[in-house]
């Protein structure tokens, strides 16, 4: 594996993510989901001529760039950030189904750059809110199928509480957990030495990875994955 933009990623990932995988990145607010995804995309793009697309439905493009800069993460020219806010101002009270609109955005960048191989969505929660609710399971199945047909390595951010601590707060009927090729969970743990962020790979099809929780820290030099925590 090439040197990672996330120091210590090799403690978790023994092999690279298989191209074309659809990966859920889940966790509560403040667990560095967006930052992790930026780092993973940076790794995949490397020094190649591939392009990546990060679609944001909640935070602005400026906010993401500011967060990345504060953590010493340099945005590659080949990574493009699409901010839905401007488009939604034009829609006013006639918002279309965002699942279909997102497909249109992907196809626009595919046509423009020709080698779009990585996609990220921030977040699935917002996509659910502004999409057709008549049959969410079928809509999500179709969206995952679309990403695979387009051969995109996709990272879908999903904000949720720690459902292991509070199972009643987690909707077990949500289909994306079963549709995804991989799930990376970010969270917070309280211990005698205080609160620690952790990262854990719950599943990653066709890739070798550790199963244990590892400490995740962030400073001005970027993200770092430290040793196991229990």
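Read-outs: derived from the displayed coordinates by stated rules, not from any lab. Being a predicted model, the structure only gives us computed values, none of them experimental. Cβ coordinates were reconstructed from backbone atoms using ideal geometry, including for glycine residues, and neighbour counts include every protein chain displayed.
Using bins of 5 Å that start at zero, the share of Cα-Cα pairs per bin across the chain amounts to 1, 6, 14, 19, 21, 18, 12, 6, 2, 1, 0, in whole %.
Mean residue ellipticity at 222 nm, helices only, the chain: -9000 deg cm²/dmol; runs of at least 4 DSSP H residues each add -39,500 (n - 2.57), and the sum is divided by the number of residues. Which shape class applies to the stretch 1-53: rounded if a/c is under 1.5, otherwise prolate when a/b exceeds b/c and oblate if not, where a ≥ b ≥ c are the square roots of the Cα gyration tensor eigenvalues? In terms of gyration-tensor shape, prolate. Each Cα pair under 8 Å and six or more residues apart adds its sequence gap; the mean of these over the residue count of the chain is a relative contact order of 33 percent. Note on residue 220 and residue 151: their simple-model spin labels are 4.3 nm apart, each label 7 Å out from Cα toward Cβ.
Estimated from the Cβ-Cβ distance and a Förster radius of 22 angstrom, the FRET efficiency linking residue 69 and residue 16 is about 0.25. Counting only DSSP beta bridges whose two residues both lie in the chain, roughly 40 percent are antiparallel. With a Förster radius of 45 Å applied to the beta-carbon distance between residue 107 and residue 196, the computed FRET efficiency rounds to 0.60.
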